[in-house]
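Q: The structure is given below, and queries will be raised subsequently.
The values are calculated or read from the model by the stated rules, or taken from the named source; none is laboratory data. These numbers come from a predicted model, not from an experiment. In this analysis, Cβ positions are derived from the backbone assuming ideal geometry, glycine residues included, and neighbour counts consider all displayed protein chains. Note: areas computed on protein heavy atoms with side chains; ligands, DNA, RNA excluded. Shrake-Rupley method; radii C 1.70, N 1.55, O 1.52, S 1.80 Å.
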Amino acid sequence: MFACVITVFVANALLPSVSTQQPNLWSEKELWQHEEPLRKIFNSLKSRSQNQPSFSDITITNVTTQVGQTVFLHCFFEAFGDKTVSWVRLLDYHVLTVGKYTYTTDDRFKAFHTEYSNEWTLKIELVQERDSGFYECQMTSSPPARQILYLRVVVPQAKIHDGSDLFLDPGSPINLTCVISDSPELPVFIFWYHNNRMINYDLPRGRISVLKVSQDTAVSNLYIEDAQPEDSGNYTCGPSNTDSASVLVHVVKGAKQASVQNDGRPLHTSAVGTKGSTALLFPMFLCFQQLYQNRWR
């Protein structure tokens, strides 16, 4: 009798809180329709919660994107009938979506499905490094059908390969190469600055080129011919998708002597510090650029 009284008291205490959180959100039938897929997903995840999921019998699809982008994860089930498809983040076994409904407070996650299509898509906006990891697309059949995807989120890095200081003789060309690595997407723009002035559209004696040299790498080249002492200063490569990189250029007579530190160790001197060496390297860069452009036409 005492146990019955306690049960009634607890039930009465809980019911108001449930009704105030989601008043009239779903009918009883609709509530069951949403709870049942979640119950199946929970039971499936619970059975695997003691150990890390085994992927030995599953083909993993790898997806790479960069920080700040929007990424789409796709899975396919040939025949699912009235079955429900869900997306689960395996890092913490968090159910992200069930059908077209989102079950996370993070509004960057959304599920998409076209009626009668066998494709289910998870959209993640403004991807962050913490989003890296395994994602499971699961159909609530018996046993559950699973597809695993691994999302790799990279952070682009910019680097000018001429070091932090570059010494040139007057009359030599300035030839700077900025490499943006871990950049699956080509930067929207790459601005070059001389000291604090942008020079992309103000280079009477030079040119700037941008190309993608591999799946994850972009390159921008700054070329200024017949460098003069007034061309000395800080040169900065500023891609749209990462932090900038800089090099300090010194155009002085006797650049080789000026590049030696007090202790006798040479500072970095550019391999294109003379017209003769540039005559070989710069045409090679133009040739490579032309081949790349022809390939993607």
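Q: For a quick protection proxy, order the peptides 241-252, 194-205, 121-132 by their average other-Cβ count within 10 Å, most packed first.
A: Numbers: 241-252: 17.4, 194-205: 11.6, 121-132: 15.2.
In decreasing order of mean packing, 241-252, 194-205, 121-132 become 241-252, 121-132, 194-205.
Q: Same structure, new question: Counting only protein chains, not ligands or nucleic acids, how are GLU119, GLU185 ordered by accessible area (probe 1.4 Å), most first? Before the final figure, lay out each step's value.
A: Working: GLU119 60, GLU185 95 Å².
If we order GLU119, GLU185 from most to least accessible, we get GLU185, GLU119.
Q: Next up: Per residue, what accessible area does the stretch 80-209 have, given a 1.4 Å probe and all protein chains present, in Å²? Walk me through the numbers before you get to the answer.
A: Working: 6430 Å² over 130 residues.
Value returned for the stretch 80-209: 49 Å² of accessible area per residue.
Q: For the stretch 165-260, which semi-axes, largest first and in whole Å, follow from the square roots of 5 times the eigenvalues of its Cα gyration tensor? Let's see the in-between values first.
A: Numbers: eigenvalues 133, 37, 26 Å².
Calculated on Cα positions only, the semi-axes equal 26, 14, 11 Å.
Q: Could you tell me the accessible area of THR102 in Å² (1.4 Å probe, neighbours in place), rounded to the nearest ten?
A: Roughly 60 Å² of THR102 is accessible to a 1.4 Å probe.
Q: For the stretch 133-196 and the stretch 203-219, what is the centre-to-centre distance using only Cα atoms, to the nearest Å?
A: Cα centroid to Cα centroid, the span is 14 Å.
Q: Once neighbouring chains are kept in place and the probe is 1.4 Å, which whole percent of the accessible area of the stretch 69-152 is contributed by carbon and sulfur? Please report the intermediate quantities before stating the final value.
A: Details: 2280 of 4350 Å².
Taking all protein chains in place, the stretch 69-152 shows 52 percent carbon and sulfur surface.
Q: So what's the net charge close to ARG108: Lys and Arg +1, Asp and Glu -1, counting the other residues with Cβ under 14 Å from its Cβ? Numbers along the way, then the final one.
A: Numbers: positive: ARG89, LYS110, LYS123, ARG130; negative: ASP106, ASP107, GLU125, GLU129, ASP131.
Overall, the nearby charge balance is -1.
Q: I've got another one for you. Pull up all non-local amide H partners of GLN69: gap of 5 or more, or a different chain, and H-to-H distance under 5 Å with H placed in the peptide plane.
A: VAL127
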